[in-house]
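The values are calculated or read from the model by the stated rules, or taken from the named source; none is laboratory data. All values derive from a computational prediction rather than experimental measurement. As a convention, Cβ positions derive from the backbone with ideal geometry for all residues, glycine included, and neighbour counts pool all protein chains shown.
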Amino acid sequence: MSQRKIPVMIPLLGEEEAQAAADAVRSGWVAQGPRVARFEQEFAATVGAGHGVAVSSCTTGLHLALVLLEVGPGDEVIVPSLSFIATANAVRYVGATPIFADVDLATGNLTVETIDAVRTPRTRAVIAVHQGGVPFDTAALRKAADGWGVGLVEDAACAAGSTAYGQPAGTGAAIAAWSFHPRKLITTGEGGMVTVDDAERAGRLRRLREHGMNVSAADRHASAQPVLEAYLETAYNYRMTDIQAAVGLVQLGRLAGLVAQRRELAARYQELLAGIDGLVPVRDPAYGQTNYQSFWVLLNPEYGTGRDEALAELAARGVSARRGIMAAHLEPAYADVTPGPLPVTERLTRDSLILPLHHALTADDQDYIVGILRELAGGRA
Ligand SMILES: *Cc1c(COP(=O)(O)O)cnc(C)c1O
């Protein structure tokens, strides 16, 4: 029917990234080295954190965050089921039990109330997600977690460039994990970062990502004297390469522009969609701004067409939309878990879809996509 092909996301990668990667290769230092160190400093400054520790992915970053907090068997960690599955998986990596909490319908995020509803004396930590880039209420959740005496790990995989209370979403986070997968705003192919404000914690994280060594391979290499390293604990190889960091440094320079452009495109979607009954687009919460890493729309019953039917129709006409954010408790990997009621999670995952949003999306593409959604409103004739 249509030759048009609109992907849901395209990373913005230019000649500059290719050049930076080539420079890293030509330098002869391709493993974690000086470019990773620079990327850590610049990224931490961008998201408002004291220290950045680059890792191989957000998933491994979440794992290290829980190791750092000494979460283990017998402990419960509260997570949203409505998240990419890595959030819950990280809890199982340390032998703890993920406890699924429900989310707020407008933001898709945990709230103080939904966390409190599943909190027990075994709760050791909460992993709160800035879902699809929509910030959770940082002030409320950080204060509540402090009051309860539980650790708060912030899954900021999607949140580079999002703000809360007028500051970057990472500002004031005790510990946050970020992703540079190509589905996020800026990418290093695969890659992640853990940010912390505390220097001692940063030091421990550096050790944990590098086999528990008391001196990094890069520092040992740079030293004129022989350095005899020691292995202080059983740890991991979760390092980022200098090739990835070289790309990341260029990408970081694009972040502000990407966020501004995505917010303009999102505002245009919101305007175009406003006239369609029963279709509710994601918006900024009162306390912050999303980077619109994911632009989702919730289909209410008045819309008349079901989510899967809408997805199929969009796909048939060349529009690569996606189902809404997944719910981990509905996946086979968590079939052995019986959570309490998660009505909002189940509604969001069943009735929402994610529309294409990326730097190459044109106004004409948006008109085309919204035209299809308008046709589907009220059911098909
Ligand atoms: C993408 C994502 C992750 C995983 O990030 P990786 O870097 O691919 O490991 C974790 N949590 C959330 C919420 C995500 O969206």
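Observations, loosely collected:
- Residue that is within 23 Å of ALA235 (Cα to Cα), crowded, with 23+ Cβ neighbours inside 10 Å and free of Cβ contacts under 8 Å to residues at least 40 places away in the same chain, where the choices are ALA65, ALA54, ALA90: ALA90
- Those residues of region 1-41 which are out of contact with any helix residue (DSSP H, G or I) (no Cβ under 9 Å at 6 or more places or on another chain) and among the polar types (S, T, N, Q), in sequence order: GLN3, GLN41
- The helices (runs of 4 or more DSSP H) falling completely within region 117-230 that include 2 or more residues that are more than 16 Å from the ligand (Cβ to nearest atom) and under 27 Å from ALA21 (Cα atoms) map to 199-209, 217-222.
- Test: residue in region 280-300 that is closer than 30 Å to VAL30 by Cβ and of a type outside the set (Asp, Glu): yes
- Filter result for GLN244 (outside the structural domain of ALA20 (by TED's automatic domain parsing), under 23 Å from the mean Cα position of the chain (by Cα) and part of a helix (DSSP H, G or I)): no
- Only one entry in GLY50, GLY108 is within 16 Å of the ligand (Cβ to nearest atom) and either small (Gly, Ala, Ser) or not assigned by TED's automatic domain parsing to the domain that holds GLY192 (or both), namely GLY108.
- Complete set of residues in region 167-198 that are at positive phi, surrounded by fewer than 24 Cβ atoms within 10 Å (Cβ to Cβ) and in contact (Cβ under 8 Å) with a residue 60 or more places away in the chain: GLY172
- In a residue-by-residue description of region 12-29, the property of being buried (at least 17 other Cβ atoms within 10 Å of the Cβ) and either under 29 Å from THR345 (Cα atoms) or free of Cβ contacts under 8 Å to residues at least 12 places away in the same chain (or both) applies to no position.
- Of all residues in region 347-381, those satisfying the criterion of being among the basic types (Lys, Arg) and under 17 Å from MET326 (Cα atoms) are ARG347, ARG350.
- Being touching a residue at least 24 places away in the same chain (Cβ under 8 Å) and in a loop (DSSP other than H, G, I, E, B) holds for only one residue in ARG283, ARG268, and it is ARG283.
- Some residue of region 268-280 being at pLDDT 95 or above, closer than 20 Å to ILE325 by Cβ and within 18 Å of the chain's Cα centre (by Cα): no
- For the residues VAL77, VAL36, the requirement of being surrounded by 22 or more Cβ atoms within 10 Å (Cβ to Cβ) and within 27 Å of SER352 (Cβ to Cβ) singles out VAL77.
- Check on PRO80, within 16 Å of the ligand (Cβ to nearest atom) and at pLDDT 95 or above: yes
- Listed conditions (1) surrounded by fewer than 20 Cβ atoms within 10 Å (Cβ to Cβ); (2) touching a residue at least 12 places away in the same chain (Cβ under 8 Å) are all met by ARG262, apart from (1).
- Tallying residues that are among the polar types (S, T, N, Q) and in contact (Cβ under 8 Å) with a residue 24 or more places away in the chain within region 30-47 yields 2.
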